[in-house]
There are 4 protein chains.
Amino acid sequence: MGVSTIQLFSEALGKWTTYSVILPEAGEGPFPVLFQLHGLSDDHQAWIQRSNLVRHVAKLPLVVVLPDGGTSGYLNWKPSNRLHKHRYEDLIINDITSHLKRNFNVTGGKWAIGGLSMGGYGAMRLGLKYPDRFASIWAHSSAFHIGDYADPALIEPDSVATGNVFHLAEDVARLPEPPVISFDCGTEDELIEHNRALHAHMESLGLDHTYNEHPGAHTWDFWDDHVREALEQHRRVLNLTPLP
Amino acid sequence: MGVSTIQLFSEALGKWTTYSVILPEAGEGPFPVLFQLHGLSDDHQAWIQRSNLVRHVAKLPLVVVLPDGGTSGYLNWKPSNRLHKHRYEDLIINDITSHLKRNFNVTGGKWAIGGLSMGGYGAMRLGLKYPDRFASIWAHSSAFHIGDYADPALIEPDSVATGNVFHLAEDVARLPEPPVISFDCGTEDELIEHNRALHAHMESLGLDHTYNEHPGAHTWDFWDDHVREALEQHRRVLNLTPLP
Amino acid sequence: MGVSTIQLFSEALGKWTTYSVILPEAGEGPFPVLFQLHGLSDDHQAWIQRSNLVRHVAKLPLVVVLPDGGTSGYLNWKPSNRLHKHRYEDLIINDITSHLKRNFNVTGGKWAIGGLSMGGYGAMRLGLKYPDRFASIWAHSSAFHIGDYADPALIEPDSVATGNVFHLAEDVARLPEPPVISFDCGTEDELIEHNRALHAHMESLGLDHTYNEHPGAHTWDFWDDHVREALEQHRRVLNLTPLP
Amino acid sequence: MGVSTIQLFSEALGKWTTYSVILPEAGEGPFPVLFQLHGLSDDHQAWIQRSNLVRHVAKLPLVVVLPDGGTSGYLNWKPSNRLHKHRYEDLIINDITSHLKRNFNVTGGKWAIGGLSMGGYGAMRLGLKYPDRFASIWAHSSAFHIGDYADPALIEPDSVATGNVFHLAEDVARLPEPPVISFDCGTEDELIEHNRALHAHMESLGLDHTYNEHPGAHTWDFWDDHVREALEQHRRVLNLTPLP
């Protein structure tokens with residue numbers, strides 16, 4: 001699998017931005033997409049530089065897309081002024097998705113989404129908000145409280161209303177075919193209570209999901225290790241046959 | 001149009017290599033491909049860094065692909081030893097073409113090819129050798145003699161036999177539907193005699209082509225200027241409607 | 001001159017960002033720096049992709065640094081929340097400058113700054129605000145009014161106070177050794193009145209500067225052409241001997 | 001530590017090439033350099049994409065340089081013809097070294113060198129050939145026989161004479177201050193006999209070195225793990241104080 005760097009003009013940000021993509025070196029497309037989201041203060045290269053993701057996906061007929069979410073929580077922020085646009089949910093859901101469909105050999109059906117920390121929140125939120133788009137979600141060591149911290153006065157109304165993954169879970173629990181939902185957290189991770197809370201909430205809703213705790217903290221060693229379980233789920237849900 | 005950097009494993013080179021690609025920001029695919037080849041000692045970024053190609057193609061529903069040909073003349077060299085592979089014709093015709101068809105939203109029909117100097121030779125040679133692949137050729141300031149200088153003992157037999165664009169022109173002249181062929185050269189360019197010779201040869205063969213001489217030398221100012229005529233031909237031959 | 005892509009962690013943005021740099025292929029350092037700033041909605045690659053800057057600087061013993069300013073006006077914005085930091089003036093003046101001094105072979109003395117449109121404003125503003133840092137300023141087709149449009153409630157107090165290049169010019173006019181200041185604008189550019197106003201203001205202050213109007217509009221053809229005059233000024237002011 | 005991509009014109013290759021570099025985000029230079037060489041068929045990004053090297057070096061005041069050696073064994077090959085140059089030893093020892101000294105804030109003293117497989121051979125060979133340049137060598141899973149396989153008729157005379165690390169070890173054994181030399185290999189690696197042979201040879205010469213065998217094969221898991229021991233040696237030999 002090669003790693004490519006893609007430049008696109010994002011209407012959602014009002015400027016050019018860059019995403020990375022890991023493309024299959026074999027197999028026949030169209031391929032489904034996995035959006036893999038980075039954590040706070042990282043960039044679109046973090047998963048490539050700081051984990052062995054490239055090796056872990058080597059046999060999967062999958063296009064892995066790594067957007068750059070800055071420090072946004074993958075939310076649609078209100079513009080700071082008429083120029084300064086920060087609609088990061090739209091970056092992924094509209095702009096990068098359109099760019100992929102225009103330029104790459106990707107499937108029209110459901111895709112997968114994952115991430116760590118801020119990106120775990122982003123993956124869970126976008127996965128639950130768009131269950132028609134995503135069949136498989138896996139969130140690591142997630143900061144599920146980001147939506148609470150974001151000042152509603154600064155967030156676009158549509159993102160405020162859907163910033164809370166606990167509320168989104170209630171909607172998804174009523175769906176006939178919800179996405180396959182998993183999340184995990186290290187037992188030494190400060191964020192573990194929010195993960196336990198979401199787990200309890202989904203239990204109470206009767207929403208099918210997998211929640212795992214493992215020894216470990218908020219570190220790349222944890223993510224490099226457990227992303228392999230996430231990929232195994234995505235492979236299974238998307239029904240991918242490993243490449244030769 | 002954004003500029004992307006694509007990494008692929010090339011069987012023809014026995015190693016990973018990189019190509020650049022300019023992808024449309026609008027329009028609906030599939031899009032045809034233009035291979036645009038650099039000159040001796042340049043790399044896949046030369047056309048981007050040293051000309052305004054990115055701006056010139058801004059309105060074309062076209063995927064512009066910029067391979068890295070090193071100093072190879074885009075020929076298939078024999079391996080220096082069992083490890084050291086240098087099949088640059090195969091890099092373009094097999095490996096990058098397969099990678100594009102696997103991963104990008106490109107047409108299955110005929111594409112276009114162009115280049116400058118060593119890349120002009122490469123464009124003319126590959127365009128004439130594969131008339132089923134290329135509908136439009138434009139070679140700037142070409143070193144059409146490269147095939148003569150390449151020691152046949154070092155070149156793969158298939159590339160030796162087809163290294164000479166004069167001979168290839170004879171084959172193409174017999175085709176019912178040859179590609180649209182154009183080339184140009186600066187009047188102060190040391191390579192002009194080879195361009196005049198190919199022009200005379202094609203005239204004698206009755207092979208339709210356009211040959212232009214312009215004031216200028218072997219410089220990027222010449223190529224930045226005249227590549228626009230090449231793009232206009234590719235647009236016309238590939239029947240592209242400019243993007244809004 | 002090769003084009004390199006540099007990743008750094010910016011305290012000012014609270015995240016990783018990328019800048020481009022054009023490094024000399026000959027000569028002996030340390031080399032002075034030219035910051036060359038892009039316009040609204042462009043990124044750090046705009047000058048490389050859309051002009052012939054790489055060729056124009058080929059003979060200069062100069063490190064050309066191309067930051068990514070997004071849509072910020074190169075101002076220090078207040079954080080949207082405790083995570084979302086947008087101090088773009090600090091990105092250049094603190095973070096990239098420190099990164100250059102830590103990692104590259106650059107001079108400790110005065111450098112140069114230039115840019116177009118939003119980046120022309122940024123170059124003029126930062127050049128006038130930090131006359132101890134910059135000996136040479138050249139702003140093309142500048143949006144000198146950006147500071148007026150930026151809601152003071154959203155801008156850090158230090159940037160509000162210094163957002164107005166007209167006021168900064170008054171301070172600089174009192175300096176014994178102000179930077180060498182130039183700016184230009186196309187006669188068909190909608191921004192021309194602001195350029196004329198700054199010219200008149202500097203005239204009234206008795207502040208030495210060069211202001212040129214040329215036929216042309218707010219286009220890359222204008223900037224690709226007139227950046228050469230800017231480079232000639234930077235060369236002269238920084239006392240650079242062209243490379244062989 | 002950020003990862004940067006550097007483009008330079010290489011006289012040794014007669015063309016532009018690219019190397020990666022991991023630059024410190026803290027500390028005060030000048031910094032020593034570690035050349036870290038990839039294996040056969042990989043490129044300059046392999047260590048970044050396929051291991052956690054970026055994280056492993058995070059606290060080291062060190063410039064890690066990752067050249068692109070293709071399939072060359074880091075030897076100086078004879079040119080295929082007058083255009084096609086492949087002097088990969090010179091790429092590292094002359095061109096990249098000069099580029100680093102011209103453009104980066106690197107020390108003038110001794111540096112370190114490491115690599116895997118073909119790059120282990122390259123690191124050991126260049127480290128032993130240039131003991132005035134390198135104070136610390138660590139070669140993983142090395143193909144020490146590459147020099148034997150390279151047809152002398154195709155290699156430049158100076159590289160033929162010094163292609164054999166066993167012979168170079170004899171010269172180094174006579175030096176008053178040889179580099180600190182280490183190498184390791186997996187017990188399931190097919191290359192282990194060559195590693196054992198070099199170990200025995202160095203023993204017989206009385207040349208100080210460390211040789212370790214570990215469970216494992218010719219895999220990135222092995223290199224991602226044991227490169228940490230290599231980095232610890234380089235840190236110690238180069239006398240680096242970990243960054244805060």
7 Å along Cα→Cβ, label-point gaps from C:T241 to other copies, nm, shortest first: 3.9, 6.1, 6.9
Does the range D:141-203 come out rounded, prolate or oblate by the C-alpha gyration tensor, with a ≥ b ≥ c the root eigenvalues, rounded set by a/c under 1.5 and, if not, prolate when a/b is larger than b/c and oblate if not? oblate
Ranked output for segments A:27-37, D:152-162 by mean other Cβ atoms within 10 Å, highest leading, reads A:27-37, D:152-162
Using a Förster distance of 25 angstrom, determine the FRET efficiency expected from the C-beta separation of C:L243 and C:S98, and round it to 0.05. 0.40
What is the magnitude of the charge dipole of chain C about its Cα centre, with +1 placed on the Cβ of each Lys and Arg, -1 on the Cβ of each Asp and Glu, and no other charges, expressed in debye to the nearest 20? 880
Kindly give the distances from C:A26 to its copy-mates, label point to label point, with each label point 7 Å from Cα along Cα→Cβ, as nm values to one decimal ordered shortest first. 4.2, 4.4, 4.8
Check: C-alpha center the range D:85-155 vs C-alpha center the range D:172-244, spacing in Å is 15
Summing -39500 (n - 2.57) over every DSSP H run of at least 4 residues in chain D and dividing by its residue count gives a helix-only mean residue ellipticity at 222 nm, to the nearest 500 deg cm²/dmol, of -9000 deg cm²/dmol
If you add up the charges near C:D208, with Lys and Arg at +1 and Asp and Glu at -1, over every other residue whose beta carbon is less than 15 angstrom from its beta carbon, what do you get? -2
Would you mind listing the distances between the C:A161 label point and the same position in each other copy? Use 7 Å along Cα-to-C-beta, nm, one decimal, shortest first. 4.4, 6.9, 8.0
Just want the answer: with Cβ charges of +1 for Lys and Arg and -1 for Asp and Glu, which residue in C:I137, C:P157, C:A197 is farthest toward the dipole's positive end in the range C:128-197? C:I137
Applying the gyration tensor rule to the Cα atoms of chain A (axes a ≥ b ≥ c; rounded if a/c under 1.5, else prolate if a/b exceeds b/c, else oblate), the class is rounded
So for the range B:76-117, taking the charge dipole from beta-carbon charges (+1 Lys/Arg, -1 Asp/Glu), which of B:N105, B:S117, B:L91 sits furthest toward the positive end? B:L91
Of B:K85/D:K85; A:K15/A:K85; C:K15/D:K59; D:K85/D:K110, which ones are farther than 20 Å apart at the Cα? D:K85/D:K110
Straight distance only, please: which aspartates and glutamates reach the Cα of A:K78 with their own Cα at less than 19 Å, same-chain residues fewer than 8 apart left out? A:E11, A:D68, A:E89, A:D90, A:D95, A:D148, A:D151, A:E156, A:D158, C:D151, C:E156
Electrostatic dipole magnitude of the protein assembly as shown [Cβ: Lys, Arg +1; Asp, Glu -1; Cα centre; debye, to 20]: 0
Relative contact order %, chain B, counting alpha carbon pairs below 8 Å whose residues are six or more apart: 20
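Quick note: the coordinates plus some simple rules give every number you see, no bench work behind them. Every value quoted in this text rests on a predicted model; they were computed, and no experiment measured them. For neighbour counting, all protein chains shown are included, and Cβ atoms are generated from backbone atoms with ideal geometry for every residue, glycine included.
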